[in-house]
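Bear in mind that the values in this text are calculations on the coordinates, not laboratory data. Note that the coordinates shown come from a computational prediction; the quantities given were computed from them, not determined experimentally. Cβ sites come from the backbone with ideal geometry, for glycine too, and all protein chains shown count toward neighbours.
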Amino acid sequence: MTELETRPLGKSKVQVTSLGLGTVPLSGFNADVSYDEFEATILAGYAAGIRYFDCAPMYGFGKSEHYLGHALRANKLRENVVVSTKVGRVLKPASRTKKLETVYGIEWIDPLPFLDTYDYTYDGVMRAFEDSQQRLGLDYIDVLLVHDVGRAWHGDQSEFYWNQLRASGYKALDELRSSGAVSAIGLGVNEAESVVGVAREFPIDCSLIAGRYTLLNHAPLEAAFDELLQRNVSVIAGGIFNSGILATGVSGPAATYDYGKVPAAVVEKVKAIESICLRYAVSLPAAAMQFVYAHPAVATLVMGAKSALEVEQNVKAINETIPGAFWDALTEASLLPSNAPLPTAVR
C-alpha cells in the first residue's frame, strides 16, 4: 500500500487522502463499465492507499451510488474511508420525467432507469440526501456537496436556484451537519466564484471545484483561492486534466479540453509545457497533478479512473520526483504565473 498524505476538509473532522477516486468514468461516461470492473477499480484504489471516494446521483442516474455502496459494504471498507455524494438533484422514473438539457450534454451508457430534476429547496435537499443513503446503503455520509449550483451550469436560471438554496436549502444543510448525519458540507461545481459567494453567506467546509485550477487555468489565483483559504474552506480539486488534454498531451488520439474540441491557443500552450516536461524528464500528468496539489487551499485531488491501471498511473504520478528547476522553467516561460504556489520539495 502507498502512503498518501492526508489533509483536513476545512474546520470539519474529515481527513482526506491526497488522492480521491471519482466515479464518473465508472458510471457509464463514454464507456460501458460492469459492476465487477467498478468494484475492481475501487479495490485497486483502496490497495493503493486512496481513502476518499466521490459519487453523485447524477452519475449513471444512481448507478455510481448503488455500485460504490455495495463495493464498500461487500468488502467491509466503509469504516476506513470517506464518502462524498451530492444534493441539488432528485432522481425520478425516466418513463415519467422530462430529460434535462444541460451544458455538457452527457449521455450515460446503460444508466439506471431514472432522470434527474433540479431541487435546491429544503425538501429537495432532504429528499436527495435520504435517497442517496438508500442507494448507497449507508447510515451516514461523510461529505455532502450541493451539485452544480451557479451560472456555469444553470446560466440565466442560476438566480432561481440560488434563491431556492438561500430560502431553505441552507437550513437543510445546517440541520444535516449539526445532527451528525453528515460531517462536512460544501459545493460540487465548475466555477470558483459561486463557492466564494456561498462561503460569504453560509459556513461551508469545502468545495469540489472541477477544471478551474489547472496547469492551464489560473484564474482562482486572482482572489478566489486566497479568500477560501482565509475562510478555511478546503478545495477538492477535480477535472485537473481539463477533461483529457493534460493527461494525454496534444498527440493523444482523443484529447479534449473541457469536454470539447481543444482550442488552438490551448494546443500551443500544452505543446510548450510538454517541451519543458521532455527537457526535465517529467510526465505531463505528474506535473498537472502536483501543481494543483501544491496550493495550500487544496486538500485533495479527485481523479476519475475506469480501471485499476488508471488508478496505478495516478498514484505513480502524484509520487513522481519532479526537480525544482522544472517549475522554475515553466514560470520563466510565462506558462505559470509568478504568484502560483509551487511544490517546495521533491517527493
Please state the Cα pair-distance histogram of the range 225-347 with 5 angstrom bins from zero: what percent is in each bin? 2, 10, 19, 23, 22, 16, 6, 1, 0
I'd like the Kirkwood hydrodynamic radius of the chain, using the inverse of the mean 1/r over distinct C-alpha pairs, in Å. 20.3 Å
FRET efficiency, residue 100 to residue 272 (Cβ-Cβ, R0 41 Å, nearest 0.05): 0.60
D_trans [Stokes-Einstein, Kirkwood Rh over alpha-carbon pairs] for the range 174-274, 25 °C, 0.890 mPa s, µm² s⁻¹: 164 µm²/s
Rounded D (µm²/s) - the range 281-347, Kirkwood Rh over Cα pairs, Stokes-Einstein at 10 °C, 1.306 mPa s: 125 µm²/s
Quick check on the range 70-121: what does the Kirkwood estimate of hydrodynamic radius come out to from the alpha carbon pairs, in Å? 13.7 Å
Of all alpha-carbon pairs in the range 1-153, indicate the percentage at a distance above 25 angstrom. 28 percent
Please enumerate, by chain and number, the lysines with C-alpha under 16 Å from the C-alpha of residue 63, excluding those fewer than 8 residues away in the same chain. 86, 92, 306
Expressed to two decimals, the range 104-238 has a Cα Rg over Rh, using the Kirkwood radius, of 0.96
Just to check, using Stokes-Einstein with a Kirkwood Rh over alpha carbon pairs, what's the diffusion coefficient of the range 92-178 at 10 °C and 1.306 mPa s in µm²/s? 110 µm²/s
Roughly how compact is the range 264-319, stated as its Cα Rg over 2.2 N^0.38 Å to two decimals? 1.26
List residues of the range 174-207, by number, whose backbone nitrogen lies under 14 Å from a label position 7 Å along Cα→C-beta of residue 168. none
Counting only DSSP beta bridges with both residues in the chain, tell me the antiparallel percent, nearest 5. 25 percent
Kyte-Doolittle mean at least -0.5 and Cα extent at least 24 Å along the axis: which DSSP H helices of the chain qualify? 264-280
Run the numbers on the range 159-276 and let me know its relative contact order in percent, using alpha-carbon pairs under 8 Å that are six or more apart. 18 percent
Spatially proximal aspartates and glutamates relative to residue 98 (Cα-Cα < 14 Å; intrachain offsets below 8 disregarded): 116
Neighbour cut-off at most 15 other Cβ (10 Å), DSSP loop, trypsin sites (Lys or Arg not before Pro), the range 15-74: none
Cα shape, the range 221-262, gyration tensor, a/c 1.5 rule: prolate
Whole-Å semi-axes of the range 112-155's equivalent ellipsoid (Cα gyration tensor): 21, 13, 10
Equivalent-ellipsoid semi-axes (√(5λ), Cα gyration tensor) for the range 1-83, whole Å, largest first? 22, 14, 12
Likely footprinting exposure, 301, 136, fewest C-beta neighbours within 10 Å first: 136, 301
Most mobile of 36, 110, 119 per a Gaussian network model of the chain (Cα springs, under 10 Å)? 36
Expected sort for 125, 250 with the fewest Cβ neighbours (10 Å cutoff) up front is 250, 125
Which order do the peptides 140-152, 286-298 take when ranked by the mean count of other beta-carbon atoms within 10 Å per residue, highest first? 140-152, 286-298
